[in-house]
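Here the structure is laid out as structure tokens; the discussion comes afterwards.
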Amino acid sequence: MKDIAKKSNTMYLLDKYQLKASKKYGQNFLIDLNTIKKIVEITHIDKQTCVIEIGPGIGALTEQLSYRAGKVLCFEIDTRLKDVLKESIGEFDNIEIIFQDFLTVDLKKVVDELKQTYSKVCVVANLPYYITSDIIEHIITSSPQLDSIHAMVQKEVALKLTDENYKSPLIYMIESVGTISLDMNVSRTVFSPAPHVDSAIISIHIKREYNQKLTYVLKCAFTQKRKTIYNNLKDIFDNTKDVLHQCGIDEKLRPEQLKIEDYIKLTQFI
Ligand code: SAM
């Protein structure tokens with residue numbers, strides 16, 4: 001089917017397959033072709049790129065990605081979408097759909113294989129909002145040889161993730177591998193059903209491999225956000241005061257006052 005995102009095409013497909021958007025799976029389908037084309041522009045993909053799409057839904061974004069990418073590999077959790085996806089994008093020979101929860105995908109293995117054929121591999125997704133953070137964390141901590149991530153998230157989340165004065169374990173994880181930017185605001189009116197909030201597209205450009213020890217250090221450091229870094233870390237090292245001193249970190253700082261470089265230094269003592 002051409003231009004699946006046109007409202008008339010989306011409605012035809014949802015109607016024909018009696019599909020009610022599932023709240024459980026965070027389904028809000030894009031129904032505006034212009035918005036989708038702008039998202040595709042942001043990704044800078046070309047025929048040497050393989051896109052991994054999380055949650056193709058009924059294929060609206062997938063279709064437009066497939067015109068520009070070498071391949072689109074999709075992971076979709078909702079098996080009810082099998083028939084509709086067969087009708088909407090079944091004819092495209094550069095699209096592959098795997099029905100699997102993305103959080104259970106061995107992403108490192110998948111990307112390693114794709115990198116043998118494609119010079120660039122990136123993730124593009126209109127993310128289900130209920131697991132936005134889990135998905136971004138899963139991607140980063142899997143340490144794949146990915147080039148970039150382009151994701152639609154709630155606007156509020158996009159603003160937090162790109163606010164230099166706000167810190168969380170996820171933000172430090174992102175900082176440790178590359179850079180993040182807010183690229184485009186998206187109105188709630190271009191989805192069906194329309195969510196209660198507006199959205200935004202964020203891009204993460206990956207430049208470095210993830211340090212696996214960082215997850216543990218960050219989780220411990222943020223056990224109690226109001227406590228000092230010393231109090232949060234005092235049980236994970238034999239002599240925490242000494243470790244903090246060797247890293248040049250003031251023991252009275254709160255976890256969100258440290259720089260990513262401080263956390264990287266701390267991983268060397270794990
Ligand atoms: N890409 C479509 C679009 O833009 O119209 C649909 C986006 S909708 C916000 C989120 C999609 O992610 C749905 O198709 C949903 O079924 C799927 N999804 C939700 N949880 C998932 C998971 N854990 N793994 C894979 N797909 C998931």
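Since every read-out is calculated from the coordinates, none of them should be taken as a lab result. Because the structure is a prediction, the values reported are computed rather than measured. Positions of Cβ are generated from backbone atoms using ideal geometry, with glycine treated the same way; all protein chains shown enter the neighbour counts.
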Q. By how many nm would the segment from residue 109 to residue 253 lengthen if fully extended, with 0.36 nm per residue of separation less the alpha-carbon distance?
A. 48.0 nm
Q) In a shell of Cβ-Cβ distance under 13 Å around residue 22, excluding residue 22 itself, what net charge do Lys and Arg (+1) and Asp and Glu (-1) give? A) +2
Q | For the chain, calculated [θ]222 nm from helices alone, where every DSSP H run of n ≥ 4 adds -39500 (n - 2.57) | A | -10500 deg cm²/dmol
Q.
Taking each pair of distinct Cα atoms in the stretch 77-206 once, what is the resulting Kirkwood hydrodynamic radius in Å?
A. 16.2 Å
(Q) Quick check on the stretch 20-161: take the gyration tensor over C-alpha atoms, sort the square-rooted eigenvalues as a ≥ b ≥ c, and tell me if it's rounded (a/c under 1.5), prolate or oblate. (A) rounded
Q | Expected-Rg normalisation [2.2 N^0.38 Å, Cα atoms] applied to the chain | A | 1.10
**Q.** At 1.002 mPa s and 20 °C, Stokes D of the stretch 165-266 from Kirkwood alpha-carbon radius, µm² per second
**A.** 138 µm²/s
(Q) Please give me the summed charge of the neighbours of residue 60: other residues whose Cβ is under 14 Å from its Cβ, Lys and Arg +1, Asp and Glu -1. (A) -1
(Q) As a quick test, which of the pairs 82/108; 38/115; 155/252; 24/86 have an alpha carbon distance above 29 angstrom in this structure? (A) 155/252
(Q) Rounded to the nearest 5, what % of DSSP beta bridges with both residues in the chain are antiparallel? (A) 45 percent
Q: Using the Kirkwood radius over Cα pairs, work out the Stokes-Einstein diffusion coefficient for the stretch 11-60 at 4 °C and 1.567 mPa s, in µm²/s as a whole number.
A: 100 µm²/s
Q: Measure out, as a whole number of angstrom, how far apart the alpha-carbon centroids of the stretch 219-255 and the stretch 105-140 sit.
A: 32 Å
Q: Name the long-range amide H neighbours of residue 52: under 5 Å, sequence gap of 5 or more, or other chain; modelled H, no Pro or chain starts.
A: 73, 122, 123, 124
